[in-house]
Every structure is written in structure tokens, then in C-alpha cells.
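Accompanying notes for the structure given below.
The values are calculated or read from the model by the stated rules, or taken from the named source; none is laboratory data. Keep in mind that this is a model prediction, so the values were computed, not measured. Every residue, glycine among them, receives a Cβ derived from its backbone with ideal geometry; neighbour counts consider all protein chains shown. In case anyone asks, the SASA skips ligands and DNA or RNA and just uses the protein heavy atoms, side chains included. Shrake-Rupley method; radii C 1.70, N 1.55, O 1.52, S 1.80 Å.
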Amino acid sequence: MKRTMVVAALLAVLALPVAGGAARQATFKFCTDPTFPPMELATTSGKIAGFDVEMASALAKTWGDTAKPVKTAFPGLIPALNAKKCDVVISGIFITPDRKKQAGVVSYMKTHRVLIVKAGNPKGIHSPNQLKGRVVAVQAGTKYEEYLKALKAKIGFTLQSYPGDNDAVAQVLLGRADAVLTQDTSFAYQAKQHPGKIAVGFTFGASDQFGIYYRKGDASSIGSQVSDGIAQLRSNGALAEIATKYKIPLNTVK
């Protein structure tokens, strides 16, 4: 009889909520491709770092979890998410209609596409149509690549695709490509790494949105947490603080 009472008492204690209403400590896993600095990159030691990594950590803390990156090739990000290899995708990835059919999404940054050229713009590339007859580099598996393939069919140029954004920008630095299509956030990073060697030849007028993707079935759980968390990071200045660290314009995270 006493043993039964002790067991019941223990079960009652275990059932009590954690003090202060805090949730259990858990790991918030996000799929990311660390080839798009300053959003995400791999350090010489192999550690994944960058704006998105620090944002994910701050985001997880808003509901009491810790964040962990899951290295994933860019074309496989959404498939990995839906295969439950991670809780969300955070990888400098655009919000697009086709991706929204596959997963839910929360916006956290606006940005513009740019054509990066050599300093001084020796080939005079001031618009996408002036890529005609040129050599253009791009990161494979991206919306940039899709856009350039369609443009290539219309005006004609040589398109070179590379595994990472760094690889693509390197082709301009080496003189193997005349331009790279990427993002203004990438240019800010690359210009700092290679001062005086590259420039923006053209900035696209329409803005893009970077988003955090989650499984549609998790809209009321993870989706809601992410949405509320991003709102909190905006209001308390955490997003702006991380953006400042990575030289990203503050208006992109407001």
C-alpha cells in the first residue's frame, strides 16, 4: 500500500509543469547549405557560421531550445525538410510560389539580386541583356540559375554553374567569368573579402524575401513558434544587431 502511494506521488511530481512555464530544453534542427556567405558559411575548422546561424540560435532561445545546423546541399533543402531530417530550412533561401506549395514559410529579410563584375566594370555590364555573348557564373540549384537559364535561351551567353556562391564569385576574380548573379548580401561580404576587386554592375529593382520554411503539417506548432520568434527578434533589436555584425543593411531586417 505504501509503495503504491510513493509511486503515485512520484508520478504526480513528474507531471508538474516546469517552474516559470519554461519548455523542455531541446534541439531545434535547421537544414542549411553553408556556401552562401555571409548568410551561412563553413569556417576553416568546419564549423557552420554566419547570419542565419546566429539568427537560428537567437530564434530557438525565444522558446527555450538550442539550435543545430544540419548540413544539406541546396537543391535538397526542401526535400530534407519534408523527410523530417530537420525542423526548418534556414539557408538564405527565397520565398517563391513553387516552394510555398511544398512547405509553409516565414519571412525574415528582404534583399535584392545583383550582377557582380570586376572592379571598374570593364565589360560594361549594366543590365541583364548586356550579358549577351558573355560568360556568367552562378551557384547551382538556385533561383538565380533558373533565371539565367531562361535568359540564356533568349539572348545567348555561356553559363557556368558551381556548387557554392564563393566558387561562382571566384570566377570573376580569376577572370574566367564576366559576371555573377547573386545577392546584395553576398556582394557586401565578398567586397569586404576582396577590397577593390569587384563591383555591382546592376541591381535588380524588385526585392526578394529570404524565408524560414517549415512543414505544412507543423503550421500550428513550429510555424507559429517561428513566426512569433521572428517578430520578437525584430522588436527587441536582435535581428538588427546580427545584421550589423555581418555588415548587412539594417533596412533589410525591419
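Among the residues in the range 60-68, are any closer than 29 Å to residue 177 by Cβ and either part of a strand (DSSP E or B) or in contact with a Cys (Cβ under 7 Å, 6 or more places away or on another chain) (or both)?
No - not one qualifying residue is present in the range 60-68.
When the residues of the range 53-64 are narrowed to those that are within 19 Å of residue 186 (Cβ to Cβ) and in contact (Cβ under 8 Å) with a residue 60 or more places away in the chain, which ends up least open to solvent (accessible area, probe 1.4 Å)?
Filtering the range 53-64 for residues that are within 19 Å of residue 186 (Cβ to Cβ) and in contact (Cβ under 8 Å) with a residue 60 or more places away in the chain, the one least open to solvent (accessible area, probe 1.4 Å) comes out as 55.
The conditions are (1) out of contact with any Asp or Glu (no Cβ under 6 Å at 6 or more places or on another chain); (2) among the polar types (S, T, N, Q); (3) closer than 21 Å to residue 96 by Cα; (4) part of a helix (DSSP H, G or I), and residue 190 fails exactly one of them. Which is it?
Result: residue 190 passes all but (3).
Return the residue satisfying two criteria in turn: it lies in the range 69-83 and is of a type in the set (A, V, I, L, M) and in a loop (DSSP other than H, G, I, E, B), and of such residues it is nearest to residue 51 (Cα to Cα).
Filtering the range 69-83 for residues that are of a type in the set (A, V, I, L, M) and in a loop (DSSP other than H, G, I, E, B), the one nearest to residue 51 (Cα to Cα) comes out as 73.
Looking at this structure, is residue 219 at pLDDT below 95 and either loosely packed, with under 14 Cβ neighbours inside 10 Å or not hydroxyl-bearing (Ser, Thr, Tyr) (or both)?
In short, no.
Given the criteria open to solvent by 30 Å² or more (accessible area, probe 1.4 Å) and out of contact with any strand residue (DSSP E or B) (no Cβ under 9 Å at 6 or more places or on another chain), does residue 153 qualify?
For residue 153, the condition - open to solvent by 30 Å² or more (accessible area, probe 1.4 Å) and out of contact with any strand residue (DSSP E or B) (no Cβ under 9 Å at 6 or more places or on another chain) - is met.
I'm trying to understand the selection: among the residues of the range 169-211, which are over 19 Å from residue 130 (Cα atoms), without any contact (Cβ under 8 Å) to a residue 40 or more places away in the chain and open to solvent by less than 40 Å² (accessible area, probe 1.4 Å)?
Hits for the range 169-211 are 170, 191.
Search the range 65-116 for residues being over 15 Å from the mean Cα position of the chain (by Cα) and under 28 Å from residue 173 (Cβ atoms), and hand back the single one that is surrounded by the fewest Cβ atoms within 10 Å (Cβ to Cβ).
My answer is 114.
Would you call residue 248 open to solvent by less than 60 Å² (accessible area, probe 1.4 Å), β-branched (Val, Ile, Thr) and not in a helix (DSSP H, G or I)?
Yes.
Against the definition (buried (at least 23 other Cβ atoms within 10 Å of the Cβ), under 19 Å from residue 242 (Cα atoms) and out of contact with any Asp or Glu (no Cβ under 9 Å at 6 or more places or on another chain)), how does residue 39 come out, yes or no?
No.
Count, please, the residues in the range 122-164 that happen to be part of a helix (DSSP H, G or I), hydrophobic (A, V, I, L, M, F, W, C) and within 19 Å of residue 36 (Cα to Cα).
Matching residues across the range 122-164 total 1.
On the basis of being open to solvent by less than 30 Å² (accessible area, probe 1.4 Å) and either out of contact with any strand residue (DSSP E or B) (no Cβ under 6 Å at 6 or more places or on another chain) or in contact (Cβ under 8 Å) with a residue 12 or more places away in the chain (or both), does residue 238 make the cut?
yes
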